[in-house]
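Q: Below are the structure tokens for one structure; questions will follow.
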Amino acid sequence: MNDVALKPDAQTERCARAGVLLPLPLGGAYDYRVKASLPRGTIVEAPLGSRMVLGVVWGAADGAVAEARLKSAVPLEGDPCLPAALCDFIDWTARYTLTPPGIVLAIALRVRQAFEGETPRIAFARGAVTPPRMTAARARVLELAEDGLARSIAAWAEEANVTPQVVRGLVEAGALCATELPEFAAVPLPDPDFAPATLNPEQEFAARELCGRAAAREFSATLLDGVTGSGKTETYFEAVAEALRQKRQVMILLPEIALTVQFLDRFAARFGCRPAEWHSDLSPKERRRIYRAVLSGNARVVVGARSALFLPFPELGLVIVDEEHEQAYKQEEGAVYHARDMAVVRARIENCPIVLASATPSLETFVNASSGRYHWLKLPRRHGRAVMPEIRLIDLRNAHVEPGAWLSQPLRKALAATLACGEQAMLFLNRRGYAPLTLCEACGHKLICRQCSAWLVEHRYRRRLACHHCGFETTTPLKCPACGAEKCLVACGPGVERVAEEFSAAFPAARVAIASSDTLHGPLETQAAIRAMAKRETDVLIGTQIVAKGHHFPQLTLVGVIDADLGGSDGDLRARERTFQLLHQVSGRAGRAERPGLVLIQTRNPDDAVMRALASGDRNAFLEQECASRKRVLAPPFGRLAAIILASPDGDLVREAGRELARSAPNAHGVKIWGPTPAFYQILRGRTRERLLVQAERSVDVQSYLRTWLDRVKLPSAIRMTVDVDPVSFF
Ligand code: ADP
Ligand code: ZN
């Protein structure tokens with residue numbers, strides 16, 4: 001696949017015509033004249049209209065451009081080149097997700113400056129000359145210079161406590177000499193033998209299997225299925241160590257929020273240094289540094305969010321997807337792809353093993369493990385003396401809850417007992433802000449977003465109402481905007497802030513913190529809340545799903561779920577699975593160390609299968625039941641789904657286009673088209689949205705079907721169409 005068959009060019013021997021893929025939403029590669037013998041993946045600069053763009057030598061030319069109009073593309077200095085396997089992966093992803101390949105390439109080329117040459121830093125170190133004139137200031141500099149290090153002018157001035165002029169004077173006199181340092185600091189090398197953990201027998205067994213697969217250097221997929229606190233991380237770290245010994249690179253994917261300091265520190269404790277990080281919060285310079293280090297092979301282990309999938313590893317030898325069931329792996333904008341599924345594809349193309357880790361595997365992965373397509377390694381017990389927490393349901397239909405309150409009597413009692421013995425508690429509610437709805441008691445008017453068909457959520461601490469879809473914010477009005485009545489707006493339902501208010505009223509002495517993934521609070525505030533909890537500076541942490549995962553708080557013994565019925569019935573095929581995963585993960589925070597944990601789940605549906613499975617701890621029974629019900633309706637993974645979403649500011653236009661699209665759907669055996677129907681949030685950011693759903697039997701090639709269909713239709717330009725293959729959200 002590496003060398004592309006290039007047609008020799010008629011005019012010059014050493015040039016050839018090749019397809020160059022540009023990181024733009026075009027149908028495919030464009031023909032350019034390039035130096036012959038450039039391998040697939042070579043980064044080139046190519047003229048496009050009046051500008052120059054980066055492109056990648058992709059494959060054979062298609063001959064569509066006349067010879068006279070053919071332009072030349074030139075490789076960048078040093079001939080940087082994307083690994084051929086990455087190019088294959090980009091093609092695969094584009095085909096599978098029906099995304100123009102240039103859009104997928106754009107993810108891989110997001111760091112355009114990464115291919116520019118380095119600008120060395122100029123620094124100064126001790127030269128041979130002794131300056132003719134000595135002063136106290138000069139002496140201080142020369143004394144410092146005995147360590148042999150090179151420093152910038154500013155660093156010399158600061159460390160020797162002299163003015164920059166003094167340093168410059170020494171440079172002129174030849175006492176300090178300029179040298180060049182590389183622009184970027186080196187990425188530290190993780191040491192596979194730095195501090196291996198002593199594994200328990202189950203971990204040991206699993207680790208040996210994983211190491212064997214890393215050493216085999218061929219594709220395999222393994223589900224590492226371990227209860228919360230069983231030491232999945234410790235276990236897969238051994239596979240990471242083996243891949244390092246094999247001189248291979250490792251990619252570890254974490255769902256965005258789990259990219260915490262806690263994980264990086266654990267890695268450093270095991271391997272002697274932090275791994276390279278890849279996520280959206282990196283500075284452009286850091287991004288450039290890591291990208292180059294990955295491409296050159298200097299970065300051996302990269303921990304990243306989903307976009308790390310497209311990094312140019314030349315020697316990838318192991319892929320890990322932690323918390324593989326997480327919905328955060330689904331990229332919903334731009335190229336719509338599922339990072340977990342694409343990670344499996346990348347591992348297959350790279351011919352290396354992949355490990356999917358979870359305590360609550362997705363149904364897809366569970367089915368793959370049960371059927372033997374994936375290896376299945378189990379860690380059924382918590383590490384050390386920790387045991388699984390006891391889980392009890394509180395039936396809200398007959399438990400005592402005061403009007404306008406959310407903490408039932410049994411939960412309050414348990415909180416009091418936990419606080420009394422100096423332990424920590426966590427209250428979980430998957431709703432940000434103070435209240436999800438503000439309603440006028442006089443006229444019944446609900447405050448909704450101006451550009452979305454969604455309720456405005458009250459954030460009382462900031463006195464704001466916010467739309468969680470488009471980010472619209474306004475101050476909380478004093479009068480009803482509909483009827484003008486004063487003092488009639490009431491908050492309906494709880495959000496985490498409201499639960500915190502109730503808790504503080506009941507337990508004024510307890511130290512409480514809120515953690516929610518919120519634009520109004522920001523990631524730093526959340527991190528601070530989590531750190532305070534870990535350091536025991538907080539007694540009770542009240543949070544949304546951000547507190548559910550990964551965190552390890554040894555003194556946390558009580559978890560209260562305020563409303564387990566949220567999100568259970570919104571007609572979404574994965575809603576039940578998601579509720580189970582989320583509540584199971586939250587429960588898993590309790591009693592992770594010496595002291596046993598208790599989980600109290602408040603629900604109005606204690607007889608529901610999800611609740612029963614949580615209480616009995618019988619996860620597999622629940623998953624099997626879910627499998628059976630999905631099998632009946634040919635839902636994934638037993639059938640295929642793809643969603644088509646049309647959006648436009650013009651509601652009539654989008655509804656008509658939806659009907660037209662449905663009418664033009666080709667008939668095919670085993671394919672059904674549902675809709676168009678208004679999307680769950682019918683209007684988002686001022687755009688009206690219509691959805692169509694394609695449901696197909698497993699044997700159907702949905703991509704070909706969609707391509708045939710969508711190639712036929714011409715939508716008005718005011719309509720934006722998104723194709724979502726294997727949708728996970730149904731909004
Ligand atoms: P999981 O990811 O399965 O929920 P973790 O890997 O976070 O579990 O492990 C839970 C806790 O137990 C962590 O604090 C971890 O350091 C500790 N732990 C797990 N296995 C070992 C081991 N073999 N030796 C020492 N500590 C361990
Ligand atoms: Zn909005």
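The values are calculated or read from the model by the stated rules, or taken from the named source; none is laboratory data. Note that this is a predicted model, so its numbers are computed, not measured. Using ideal geometry, Cβ is built from the backbone for each residue, glycine included, and neighbour counts are taken over all protein chains shown.
Q: Of everything in the stretch 122-162 that's of a type outside the set (Val, Ile, Thr), touching a residue at least 40 places away in the same chain (Cβ under 8 Å) and closer than 24 Å to Phe184 by Cβ, which residue is surrounded by the most Cβ atoms within 10 Å (Cβ to Cβ)?
A: Among those residues, the one meeting the criterion is Phe124.
Residue-wise test of (1) free of Cβ contacts under 8 Å to residues at least 24 places away in the same chain; (2) more than 30 Å from Ala339 (Cα to Cα); (3) away from ligand 2 (no atom under 16 Å from the Cβ).
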position	(1), (2), (3)
Asn351	no, no, yes
Leu356	no, no, yes
Ala359	no, no, yes
Glu364	no, no, yes
Arg373	no, no, yes
Arg392	no, yes, yes
Asp395	no, yes, yes
His400	yes, yes, yes
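Q: Find the residue count for the stretch 163-187, including only residues that are touching a Pro at 6+ places or on another chain (Cβ under 7 Å) and surrounded by 12 or more Cβ atoms within 10 Å (Cβ to Cβ).
A: Within the stretch 163-187, the subset touching a Pro at 6+ places or on another chain (Cβ under 7 Å) is 170, 173, 175, 180-183.
Applying the additional criterion that residues be surrounded by 12 or more Cβ atoms within 10 Å (Cβ to Cβ) yields 170, 173, 175, 180-181, 183.
Residues in the stretch 163-187 being touching a Pro at 6+ places or on another chain (Cβ under 7 Å) and surrounded by 12 or more Cβ atoms within 10 Å (Cβ to Cβ): 6 in total.
So that you can scan it fast, the table gives a plain yes or no per residue for (1) farther than 30 Å from Pro284 by Cα; (2) aliphatic (A, V, I, L, M):
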{"site": "Gly117", "(1), (2)": "no, no"}
{"site": "Pro132", "(1), (2)": "yes, no"}
{"site": "Val141", "(1), (2)": "yes, yes"}
{"site": "Leu149", "(1), (2)": "no, yes"}
{"site": "Ser152", "(1), (2)": "no, no"}
{"site": "Ala157", "(1), (2)": "no, yes"}
{"site": "Leu176", "(1), (2)": "yes, yes"}
{"site": "Thr179", "(1), (2)": "no, no"}
{"site": "Glu183", "(1), (2)": "no, no"}
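Q: Would you call Arg498 away from ligand 1 (no atom under 16 Å from the Cβ), outside any loop (DSSP other than H, G, I, E, B) and over 27 Å from the mean Cα position of the chain (by Cα)? Talk me through it step by step, then tell me what you get.
A: Details: away from ligand 1 (no atom under 16 Å from the Cβ): yes; outside any loop (DSSP other than H, G, I, E, B): yes; over 27 Å from the mean Cα position of the chain (by Cα): yes.
When the stated conditions are applied, Arg498 passes them.
For every residue, the table says whether it meets (1) modelled with pLDDT of 95 or more; (2) over 14 Å from Phe89 (Cα atoms).
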| residue | (1), (2) |
| --- | --- |
| Leu311 | yes, no |
| Leu318 | yes, yes |
| Val321 | yes, yes |
| Glu326 | no, yes |
| Gln331 | no, yes |
| Asp341 | yes, no |
| Val345 | yes, no |
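Q: Among what's in the stretch 673-699 and is over 23 Å from Cys467 (Cβ atoms) and surrounded by fewer than 16 Cβ atoms within 10 Å (Cβ to Cβ), pick the residue that is farthest from ligand 1 (Cβ to nearest atom). Can you show your working first?
A: From the stretch 673-699, those over 23 Å from Cys467 (Cβ atoms) are 673-676, 692-699; that's our starting set.
Those still in the list that are surrounded by fewer than 16 Cβ atoms within 10 Å (Cβ to Cβ) too: 674, 697-699.
Details: Trp674: 39, Glu697: 37, Arg698: 32, Ser699: 37 Å.
Step by step, filter the stretch 673-699, then rank; the result is Trp674.
Q: Quick one: in the stretch 245-272, of everything that is part of a loop (DSSP other than H, G, I, E, B) and buried (at least 16 other Cβ atoms within 10 Å of the Cβ), which residue is nearest to the chain's Cα centre (by Cα)? Before you say what the answer is, go through the steps one by one.
A: Taking the stretch 245-272 as the starting set, the residues that turn out to be part of a loop (DSSP other than H, G, I, E, B) are 246-248, 254-255, 259-260, 272.
Those left that are additionally buried (at least 16 other Cβ atoms within 10 Å of the Cβ): 246, 248, 254-255, 259-260.
Values: Gln246: 28, Arg248: 23, Leu254: 6, Pro255: 4, Leu259: 9, Thr260: 12 Å.
Filtering the stretch 245-272 for residues that are part of a loop (DSSP other than H, G, I, E, B) and buried (at least 16 other Cβ atoms within 10 Å of the Cβ), the one nearest to the chain's Cα centre (by Cα) comes out as Pro255.
Q: Now for a separate question. Of the numbered conditions (1) touching a Ser or Thr at 6+ places or on another chain (Cβ under 9 Å); (2) closer than 18 Å to Leu393 by Cβ; (3) of a type in the set (A, V, I, L, M, F, W, C); (4) modelled with pLDDT of 85 or more, Ile542 satisfies every one except a single condition; which is it?
A: (2)
Q: Identify all residues within the stretch 121-151 that are at pLDDT 85 or above and among the polar types (S, T, N, Q); write none if there are none.
A: If the condition is that a residue be at pLDDT 85 or above and among the polar types (S, T, N, Q), then Thr135 is the only one that fits.
Q: Let me ask something else about it. Output yes when any residue across the stretch 188-207 is exposed (fewer than 15 other Cβ atoms within 10 Å of the Cβ), in a helix (DSSP H, G or I), at pLDDT 95 or above and more than 15 Å from ligand 1 (Cβ to nearest atom), and no when none is.
A: For the stretch 188-207, residues exposed (fewer than 15 other Cβ atoms within 10 Å of the Cβ), in a helix (DSSP H, G or I), at pLDDT 95 or above and more than 15 Å from ligand 1 (Cβ to nearest atom): absent.
Q: Has the stretch 222-230 got any residue that is crowded, with 19+ Cβ neighbours inside 10 Å and over 20 Å from His552 (Cα atoms)?
A: Step one: list which residues in the stretch 222-230 are crowded, with 19+ Cβ neighbours inside 10 Å, which gives 222-230.
Checking which are over 20 Å from His552 (Cα atoms) leaves us with 222-223.
So far as the stretch 222-230 goes, yes, one or more of its residues are crowded, with 19+ Cβ neighbours inside 10 Å and over 20 Å from His552 (Cα atoms).
Q: If a residue must be touching a residue at least 60 places away in the same chain (Cβ under 8 Å), more than 18 Å from Gly591 (Cβ to Cβ) and of a type outside the set (A, V, I, L, M, F, W, C), how many such residues does the stretch 525-542 contain?
A: So the count comes out to 2.
Q: Among the residues of the stretch 447-458, write down those that are in contact (Cβ under 8 Å) with a residue 24 or more places away in the chain and in contact with a strand residue (DSSP E or B) (Cβ under 6 Å, 6 or more places away or on another chain).
A: Correct list: Leu447, Cys452, Ser453, Ala454, Val457, Glu458.
Q: Tell me, which residue of the stretch 401-441 that is at pLDDT 90 or above and of a type in the set (Gly, Ala, Ser) is farthest from ligand 1 (Cβ to nearest atom)?
A: If we take residues in the stretch 401-441 being at pLDDT 90 or above and of a type in the set (Gly, Ala, Ser), then Ala405 is farthest from ligand 1 (Cβ to nearest atom).
Q: Is there a residue in the stretch 145-158 that is in a helix (DSSP H, G or I) and closer than 30 Å to Asp711 by Cα?
A: As a first pass, look at the stretch 145-158 and keep what is in a helix (DSSP H, G or I): 145-147, 153-158.
Applying the additional criterion that residues be closer than 30 Å to Asp711 by Cα yields none.
Checking the stretch 145-158: not a single residue is in a helix (DSSP H, G or I) and closer than 30 Å to Asp711 by Cα.
Q: Could you list all residues from the stretch 210-231 that are of a type outside the set (A, V, I, L, M), closer than 22 Å to Ser362 by Cα and within 16 Å of ligand 1 (Cβ to nearest atom)?
A: Pass one, the stretch 210-231, residues of a type outside the set (A, V, I, L, M): 211-213, 217-220, 222, 225-226, 228-231.
Filter once more, so that each one left must be closer than 22 Å to Ser362 by Cα: 219-220, 222, 225-226, 228-231.
Thr222, Asp225, Gly226, Thr228, Gly229, Ser230, Gly231, listed by residue number.
Q: Could you look through the stretch 591-628, keep only residues that are in contact with a Leu (Cβ under 6 Å, 6 or more places away or on another chain) and under 26 Å from Gln555 (Cβ atoms), and pick out the one that is farthest from ligand 2 (Cβ to nearest atom)?
A: Leu598
Q: Additional query: Under the condition of being surrounded by fewer than 20 Cβ atoms within 10 Å (Cβ to Cβ) and charged (D, E, K, R), which residue from the stretch 424-475 is nearest to ligand 2 (Cβ to nearest atom)?
A: Arg450
Q: Next up: So, restricting to strands (runs of 3 or more DSSP E) that lie completely within the stretch 25-101, which ones have at least 2 residues that are under 24 Å from Leu710 (Cβ atoms)?
A: Details: elements: 30-35, 43-48, 51-60.
Strands (runs of 3 or more DSSP E) meeting the threshold: 51-60.
Q: Then there is this: Mind checking which strands (runs of 3 or more DSSP E) fall wholly inside the stretch 332-408 and carry at least 1 residues that are surrounded by fewer than 17 Cβ atoms within 10 Å (Cβ to Cβ)? Walk me through it before giving the result.
A: Values: elements: 353-358, 375-379, 390-395.
Filter on the stretch 332-408 gives 375-379, 390-395.
Q: Follow-up. Condition check: more than 16 Å from ligand 1 (Cβ to nearest atom), surrounded by fewer than 19 Cβ atoms within 10 Å (Cβ to Cβ) and more than 21 Å from Val261 (Cα to Cα). Does Gly317 satisfy that? Outline the logic, then answer.
A: On the way: more than 16 Å from ligand 1 (Cβ to nearest atom): yes; surrounded by fewer than 19 Cβ atoms within 10 Å (Cβ to Cβ): no; more than 21 Å from Val261 (Cα to Cα): yes.
Spelling it out, it is not the case that Gly317 is more than 16 Å from ligand 1 (Cβ to nearest atom), surrounded by fewer than 19 Cβ atoms within 10 Å (Cβ to Cβ) and more than 21 Å from Val261 (Cα to Cα).
Q: Just give me the residues in the stretch 102-117 being at pLDDT below 90, out of contact with any helix residue (DSSP H, G or I) (no Cβ under 8 Å at 6 or more places or on another chain) and assigned to a loop (DSSP other than H, G, I, E, B), in sequence order. Talk me through it step by step, then tell me what you get.
A: Step one: of the stretch 102-117, the residues at pLDDT below 90 are 110-117.
Adding the requirement that they be out of contact with any helix residue (DSSP H, G or I) (no Cβ under 8 Å at 6 or more places or on another chain) leaves 112, 115-117.
Within the stretch 102-117, Glu116, Gly117 qualify.
Q: Of all residues in the stretch 60-90, which are among the charged types (D, E, K, R) and touching a residue at least 12 places away in the same chain (Cβ under 8 Å)?
A: Residues of the stretch 60-90 among the charged types (D, E, K, R): 62, 67, 69, 71, 77, 79, 88.
If the condition is that a residue be among the charged types (D, E, K, R) and touching a residue at least 12 places away in the same chain (Cβ under 8 Å), then Asp62, Glu67, Lys71, Glu77, Asp79, Asp88 are the ones that fit.
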